[in-house]
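The values are calculated or read from the model by the stated rules, or taken from the named source; none is laboratory data. Quick caveat, the model's predicted, so the values are computed rather than measured. Cβ placement follows ideal geometry from the backbone for every residue including glycine, while neighbour counts extend to all protein chains displayed.
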Amino acid sequence: MVERKTVPAYGNCDIAIATEQMSDGKWAVVTTITESTGTAQRNIDLPVPKQRFDSQAEAEEYGIRTAREWIDQNMPKVA
């Protein structure tokens, strides 16, 4: 079963993560960053990692951490 969560971030962004337990019992994660402007939203799908995780919490933490790193490296700094 796929579980989805949205986590508020900074820089007018939210982080959406989807986790799923695979048939081998490991967890996978997919992450999307949503940037909101005054008139639109832009979705940025991060590359799907090949890593699998022992727990859902580990998968979620990885997805959130990589999204925050992407925001830090790619989004304009908001004053």
**Fill in**
The number of residues in region 21-62 that are in contact with a strand residue (DSSP E or B) (Cβ under 8 Å, 6 or more places away or on another chain) and of a type outside the set (Val, Ile, Thr) is 22
**Message:** Based on this model, can you work out whether Ala28 counts as assigned to a helix (DSSP H, G or I) and modelled with pLDDT of 95 or more?
**Reply:** no
**Of residues in region 55-72 being over 14 Å from Ala28 (Cα atoms) and among the acidic types (Asp, Glu), the one modelled with the highest pLDDT** = Glu69
**Request:** Test each condition in (1) loosely packed, with under 12 Cβ neighbours inside 10 Å; (2) within 19 Å of Lys77 (Cα to Cα); (3) hydroxyl-bearing (Ser, Thr, Tyr) for Thr66 and report the one that comes out false.
**Result:** (1)
**Request:** Looking only at region 32-79, count how many residues are touching a residue at least 24 places away in the same chain (Cβ under 8 Å), in a loop (DSSP other than H, G, I, E, B) and of a type in the set (S, T, N, Q).
**Result:** 2
**Fill in**
Filter region 1-31 for residues that are of a type in the set (A, V, I, L, M) and free of Cβ contacts under 8 Å to residues at least 40 places away in the same chain; the one that is surrounded by the most Cβ atoms within 10 Å (Cβ to Cβ) is Val29
